[in-house]
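Undergrad: Here it is, the structure, as structure tokens.
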Amino acid sequence: MTDEAPSDIKVFVNAGALGFSDVESQVPAQVFELEASDVEEGNAIATKFVRFQNVQNISIFVERNHGDADTSILNRIQLIGAPILGTNMSELKKVG
């Protein structure tokens, strides 16, 4: 693992265009603290489902790296979900 691998990440949903100075005044949808093994193995990181509904845009802010390097290296970000337009709401059933 390199010193540029992210360790602390803030994810903002539908916040519009954010600059570095804006991330302190905005409330992130979720904060991730990645372990070294998460980065090395490319583990899937679960999100809080209710905070990621009706998403128009996502902003990702890498707050800190594992080695405290000034630059971050991200090889891949993969978002898994379904567009609401493709969901047939009449097929949804209550669980529980």
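Undergrad: Being farther than 21 Å from Pro28 by Cα and either surrounded by 10 or more Cβ atoms within 10 Å (Cβ to Cβ) or within 14 Å of the chain's Cα centre (by Cα) (or both) is the filter here, so list the residues in the range 61-72 that pass it.
TA: Gly67, Ala69 - these are the residues of the range 61-72 that are farther than 21 Å from Pro28 by Cα and either surrounded by 10 or more Cβ atoms within 10 Å (Cβ to Cβ) or within 14 Å of the chain's Cα centre (by Cα) (or both).
Undergrad: So which of Val39, Val11, Val50 is open to solvent by 100 Å² or more (accessible area, probe 1.4 Å) and not in a loop (DSSP other than H, G, I, E, B)?
TA: Every option except Val50 fails the conditions.
Undergrad: Also, I was wondering about something else. Find the residue count for the range 22-36, including only residues that are outside any loop (DSSP other than H, G, I, E, B), surrounded by 14 or more Cβ atoms within 10 Å (Cβ to Cβ) and in contact (Cβ under 8 Å) with a residue 24 or more places away in the chain.
TA: 1
Undergrad: Based on this model, can you work out whether Ile58 counts as within 11 Å of the chain's Cα centre (by Cα) and open to solvent by 70 Å² or more (accessible area, probe 1.4 Å)?
TA: no
The values are calculated or read from the model by the stated rules, or taken from the named source; none is laboratory data. Please read these numbers as outputs of a predicted model, since none were measured by experiment. Neighbour counts are summed over all protein chains in view; Cβ atoms, including those assigned to glycine, are modelled from backbone coordinates with ideal geometry. Ligands, DNA and RNA are excluded from the accessible area calculation, which covers all protein heavy atoms including side chains. Shrake-Rupley method; radii C 1.70, N 1.55, O 1.52, S 1.80 Å.
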